[in-house]
Structures are given as C-alpha cells and as structure tokens.
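Colleague: The structure's right below; bear with me while I get my questions together.
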Amino acid sequence: MDERQRVPGPRLVYDGVTVDFGATRALSDVSLSVAPGEIIGLLGHNGAGKSTLFNVTSGALTAFGGSFAVDGKRISRGLSPREAAALGITVIHQEPALVANLSVFENLFLARDAAAEKPAIKRRRAEEALASVGAAHLPLDIPVDALSLGERQLVDLARGMLAGEMKVLLLDEPTAALGRAETDALHQLIRSFAARGTSVLYVSHRLPDIMEICTRMVVMRGGAIVVDGPARDFTPDALARALVPELRETRLIETTPGDEILRVPLGGGSISVRHGEVVGLFGMAGGEQFRIAARLAGADHQSKFEFRGRTVKVVRPAQAIRRGIFYVPPDRDAEGLIASESAKDNVMLPWYGRSRARGWWVSPQTGKDTYAAARTGLEIHGPSGEAEISQFSGGNRQKHLLARWLYPAEPELLVLSQPTQGVDVGARVDIVDAVRSTAAAGSGVLVVSSESDEIAMMCDRAYVLFDEEVREVSQGGDYNADLLSTLLSMAGARRREKPGDEL
C-alpha cells in the first residue's frame, strides 16, 4: 500500500512558529501543513526565514515559540539533531555534513547508536541504505573526500535512511553546484521518496529546478509566509515577482570596451578581456574554466598569461593583488570569508597595512568609511558591520565578498567564479549592477560559470570551453540557448571522436 494512504492527515505541521534573535524577528507566526508525498518549493529572499525554519525542524535551533508536529507528535520545546533524526527528519545541505577524511562506512554511522551491532550487520545495513538511494555502486571503505559532490549527497541521504523511515526531507540548495545529469538523478530520487510518502521541503534559488520538481510553492518574506499555492499556478515570471514584488526590469548598464587587458592561450585558441567589458567563460560543472580563474589569481605556480600586453607569471595571490587582479572564489564560506570575523573586517582584512603609495587605505577609520560605502552601494542588509559575517544571509555574505574587491581599491581585472550562485532574485540584480558598473568604470571583468543563464544575464560576450576547445559566442538572439547549444555541440563532437569516453 502507498505510504500516503497509511498516514491519516498531514505529515508535517507548523503552528505559529516564531523565532527572535535579539531585536530581530526571524520567523513570525509561521503556520504550514504538508501532506505525505508533497514536494514544496520553499522560496524567499536571503534572510526571509527559510534557513531558520529548517534549523527549527532539524534540531539545530531549539529556542522558538509555537510548535511543529511530525505525524501528530508535537514538538514545542525544541529537540536535538539526534531526536530529529529519530523522528524521521533528514536535512541535506548544499555541502553535505560529512567528515572528509573518514570512509563512507564511518560517515554513515557517525554519531549513531550502533556500537553494539556486529560489524557484518552494520555493513549490511550500510549497503542497504546506499542501495535505497541509488548508490549501491559506492565502496564502503573509500574516503568521502574522493567522492563527487553528488555522491556525497547520496551518502548524506543514506545516513538519513539508516535512522529509519524518512518522513520529512529538508533540502537546502541541493543542486547549486551540480551539473544537469546529477541534478536530474537527484530529482528522480526525490520523486521516489515522495512516492513513498516522504514530505519534502526544497529550498533553491535555481527557479527552473524548483519549477521542474515541486508540486506546491510557498514564498516567505520577512519571516512570514506570504504566498502559498499549487506549482501549476506559477509561471517563471510570476514566481520571480512573488519572490521580489518590487523587482525592477533588468536593464544592463552599458559599457565601452577599450584596450585588451588579458589574453590566455587555451589549446589551439585563446580568450581575451578588454578594459570596460564583462566577458564570460562557460563550461561544464567542475570544468576547466574554474581552474583557469584560480590560476589567474595565483593558485598555480606555473601559470603564465598576457596581462596589459606583457607575459607575466603570477605564483602567489599577493602578486595577483599587486597587479590589480582580484578574484572572487566560488565557495564564499570555505574559500572567501572568515566566519568568526566581523563583516567589516571580512571586507577589509586583505587591505590593512597596504602601501599608501598604491593609493590603498591603511587606517581602521578609513576602512570603516569604506565599509559603509560598500554597504550602501551593494544594498547589504542584516546586522551591523561589527557582527560576525556568519550572522548574515547567504546573499548578503556574497555581497560582502564582492565588496572586498570593489571598494577598497579599483580592480584592473575582476575575476568572478559563479558570483550569483545561491543568491535570490533581488540580490542577483544588485550583483549584476555592481559588476556592470565596475566594467563601465574601466575595469575588465571575467565571469566563469557552469550556469548559462548566469553568463547570459551579465556578460557582453562569452567563450564556451570544453576539453581543450574554446569557441566565442556573442550577445544576441537567445543568448542563453546559444551558449547551451554551443556547449552541447562541442561535447557531442568530442563524443563522436572518442566514443569510449563518458562526458
């Protein structure tokens, strides 16, 4: 019998859930009922309350008003993550909560009460859990850091299965760093869970993914639910307007290309960037474009390229910064920001002590003024600049990382790796405007991404990179579709040349 037929009434119910952080109300009287097998797209601006609701449900946050219930079991005092798991609540984050240097087997049983079980029984349970999420092919003894992101997510899901029946599945930006094939596989797995009665709450800023899989849309704003309706009632434009009612029409700030600032040889061709333009470098998820961006920033000791008409070798990030090459990495939290430092210091740290002869400020007071200008210019919202950066929402953390390389000094070349990944519609417009304004002021900008729509919405022209081949695609017509079709044709040609290779 279908699980949804065995469970009377809703599977998950929120009743007046309220959360305050000091004077800030993060959740305001949230009430929501979720049936078995529903896949709900939980949407909203950064800071709207989505993560807070997840934290309440998963046991990461125990102080709240109101209550929630799973299969009628009411929780009003908060619960530990272990208690949440015992209730059948599983949460999958964008970066799975696994220990990289431990094996798949060790991660599956981490913090679980299974010490008394015989090893053979534990291994059988582990294999069954992996098989239930379509990961029977993963060796139990391989270290987790040897797995792809999609495979690590499957291990995280298998951990949830070991706790018993998965009643509630919370997904927080699960496809942000996945390619199309991995996303399709994950969506197929989510549908199979829903068919067995699991209630799914799916948070993502990738609206096409939300519209593809979700059966219902719930939009939050200011800690409250403001829109709730069947997915079939929403077009992409209507959903974007529901998320940000004041969203203005995106009109790209015009730029005027000048002299060439960068040329990088690639295979039989090259890519170039001129002053005053935004150039994209588009390729597969995890593709070579990301390594090129890191090399420009000094991550590769052997990296040589033409910069301002001369062949240069940048072997350290400090050398790149001295030349005016500023780099925004793809993982803002792991590679860019220091969670325990204040928001202001996260913007200013690379610049303290720099030479006045270079025109870079030195004093803390100047830094305070610069931070205030960045906050206004990028429309950063949240606590004061003295608060830890970890207290800001994802989109506002991304804006802080961008501010670091826009406001203390003007870049000669700004290199951005997926700058709008995981941010909402409103923040995306703010970031695009800031990048285009930087180019209009004369800087060269290179945007690397595996998202064609990110390239299409902010770049004047772009290069498509696959294997060792590069092709230029100019703005015009359906730019997004042109980028995708070019990549697909390059991949198809490679597959015909080497039919034994897997893409």
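Colleague: Note the angle between two axes, namely the Cα long axis of helix 394-404 and the longest principal axis of the Cα atoms of the chain, as a number of degrees from 0 to 90, rounded to the nearest 10.
Modeller: Its long axis makes an angle of about 20 degrees.
Colleague: Out of the stretch 25-78, which trypsin sites (Lys or Arg not before Pro) are coil in DSSP terms and have no more than 10 other C-beta atoms within 10 Å? Can you show the working numbers first?
Modeller: Values: sites: ARG25, LYS50, LYS73, ARG74, ARG77; in loops: ARG77.
Passing both the DSSP loop test and the Cβ count: ARG77.
Colleague: If you line up the long axis of helix 180-195 against the longest principal axis of the chain, both from Cα atoms, how many degrees apart are they, to the nearest 10?
Modeller: Around 20 degrees separate the two axes.
Colleague: Jot down the radius of gyration and Dmax of the stretch 10-51, Cα atoms only, both in angstrom.
Modeller: 11.9, 37
Colleague: Measuring from centroid to centroid over Cα atoms, what is the spacing of the stretch 212-239 and the stretch 388-431 in Å?
Modeller: Computed from Cα coordinates, the inter-centre distance equals 26 Å.
Colleague: How large are Rg and Dmax for the stretch 63-109 when calculated on the C-alpha trace, in angstrom?
Modeller: Values for the stretch 63-109 (Cα only, Rg and Dmax): 14.0, 40 Å.
Colleague: What fraction of the DSSP beta bridges in the chain is antiparallel, stated in percent and rounded to the nearest 5? Don't jump to the answer; show the numbers that get you there.
Modeller: Values: 41 of 76 bridges.
If I count the DSSP bridges inside the chain, around 55 percent turn out antiparallel.
Colleague: Quick one: dipole size for the chain, taken about the Cα centre, charges +1 on Lys/Arg Cβ and -1 on Asp/Glu Cβ, in debye to the nearest 20. Walk me through the intermediate numbers first.
Modeller: On the way: 57 positive and 64 negative charges, 171 e Å.
Approximately 820 debye in magnitude.
Colleague: For the stretch 308-444, compute Rg over Rh where Rg is the Cα radius of gyration and Rh is the Kirkwood radius from the inverse mean 1/r over Cα pairs. Don't skip to the end; give the middle numbers.
Modeller: Values: Rg = 14.4 Å, Rh = 15.3 Å.
Value, to two decimals: 0.94.
Colleague: Could you sort the peptides 322-330, 306-314 by per-residue average Cβ neighbour count (10 Å cutoff), highest mean leading?
Modeller: On the way: 322-330: 21.0, 306-314: 14.4.
In decreasing order of mean packing, 322-330, 306-314 become 322-330, 306-314.
Colleague: Which whole number in µm²/s is D for the stretch 254-293 by Stokes-Einstein, with the Kirkwood Rh taken over Cα pairs at 20 °C and 1.002 mPa s? Kindly include the intermediate steps, with their values, before the conclusion.
Modeller: Values: Rh = 11.4 Å.
Answer, rounded: 188 µm²/s.
Colleague: What's the angle, to the nearest 10 degrees (0 to 90), between helix 479-497's Cα axis and the longest principal axis of the chain?
Modeller: Computed tilt is about 80 degrees.
Colleague: Another question, if that's okay. How big is the Cα convex hull of the stretch 153-238 in projection, averaged over all directions, in nm²?
Modeller: Values: hull surface 25.7 nm².
Hull-based average projected area comes out at 6.4 nm².
Colleague: Return the calculated 222 nm mean residue ellipticity for the chain, to the nearest 500 deg cm²/dmol, obtained by summing -39500 (n - 2.57) across DSSP H runs with n ≥ 4 and dividing by the residue count. Mind showing how you got there, number by number?
Modeller: Working: 17 runs with 172 residues, N = 503.
Calculated at 222 nm, the ellipticity per residue is -10000 deg cm²/dmol.
Colleague: Which percent of the accessible area of the chain is formed by carbon and sulfur heavy atoms (probe 1.4 angstrom)?
Modeller: Summing carbon and sulfur atoms, their accessible area is 50 percent of the total for the chain.
Colleague: Regarding the chain, what's the average projected area of the Cα-atom convex hull, expressed in nm²? Intermediate results must be reported in sequence, preceding the final value.
Modeller: Working: hull surface 103.2 nm².
Computing the convex hull of the Cα atoms and averaging its projections yields 25.8 nm².
Colleague: Once the Cα gyration tensor of the stretch 75-226 is diagonalised, what are the square roots of 5 times its eigenvalues, in whole Å and ordered largest first, as equivalent ellipsoid semi-axes?
Modeller: Values: eigenvalues 140, 73, 38 Å².
In descending order, the three semi-axes are 26, 19, 14 Å.
Colleague: Follow-up question, since we're still on this one. How large is the accessible surface per residue of the chain, computed with a 1.4 Å probe and reported in Å² as a whole number?
Modeller: Values: 21960 Å² over 503 residues.
Dividing the accessible area of the chain by its residue count gives 44 Å².
Colleague: Rounded to whole Å and ordered largest first, report the semi-axes of the equivalent ellipsoid of the stretch 33-137 derived from its Cα gyration tensor (root of 5λ). Intermediate values should be presented prior to the final figure.
Modeller: On the way: eigenvalues 166, 57, 44 Å².
Largest first, the stretch 33-137 gives 29, 17, 15 Å.
Colleague: Here's another thing I want to ask about it. Please report, in cubic angstrom per residue, the volume enclosed by the convex hull of the alpha-carbon atoms of the stretch 373-466. Working shown, then result.
Modeller: Numbers: hull volume 9.5 nm³, N = 94.
Given the Cα convex hull of the stretch 373-466, per-residue volume reads 101 Å³.
Colleague: Taking 8 Å as the Cα distance limit and 6 or more residues as the minimum spacing, I'd like the relative contact order of the chain as a percentage.
Modeller: Values: 976 pairs, mean separation 76.6, N = 503.
Worked out over the chain, it gives 15 percent.
Colleague: How big, on average over all directions, is the shadow cast by the Cα convex hull of the stretch 388-432, in nm²? Provide the component values of the computation, followed by the final result.
Modeller: Values: hull surface 14.0 nm².
One quarter of the hull surface, i.e. the mean projection, equals 3.5 nm².
Colleague: Restricting to Cα pairs below 8 Å that are 6+ residues apart, what does the relative contact order work out to for the stretch 78-192? Please round to a whole percent.
Modeller: Values: 128 pairs, mean separation 49.6, N = 115.
Across the stretch 78-192, relative contact order equals 43 percent.
Colleague: On to the next question. With Kirkwood's inverse mean 1/r over C-alpha pairs for Rh, give me the Rg to Rh ratio of the stretch 277-322, two decimals please. Present the calculation step by step, with values, prior to reporting the outcome.
Modeller: Details: Rg = 11.4 Å, Rh = 11.4 Å.
Result for the stretch 277-322 is an Rg/Rh of 1.00.
Colleague: Given that compact globular proteins tend to follow 2.2 N^0.38 Å, what is the ratio of the alpha-carbon Rg of the stretch 304-351 to that value? Show your work: numbers first, answer last.
Modeller: Details: Rg = 13.5 Å, N = 48, 2.2 N^0.38 = 9.6 Å.
Here the answer is 1.41, to two decimals.
Colleague: Something else: Provide the FRET efficiency to the nearest 0.05 for the GLU83-MET211 pair, computing r from the beta carbons and using R0 = 35 Å. Write out the running numbers ahead of the final one.
Modeller: Working: r = 34 Å, r/R0 = 0.97.
Efficiency, rounded to the nearest 0.05: 0.55.
The values are calculated or read from the model by the stated rules, or taken from the named source; none is laboratory data. A quick note: this is a predicted structure, and the numbers were derived from the prediction, not measured. All Cβ positions, glycine included, derive from the backbone under ideal geometry; neighbour counts span all protein chains shown. To get the accessible areas, we keep the full protein, side chains included, count just its heavy atoms, and leave off ligands, DNA and RNA. Shrake-Rupley method; radii C 1.70, N 1.55, O 1.52, S 1.80 Å.
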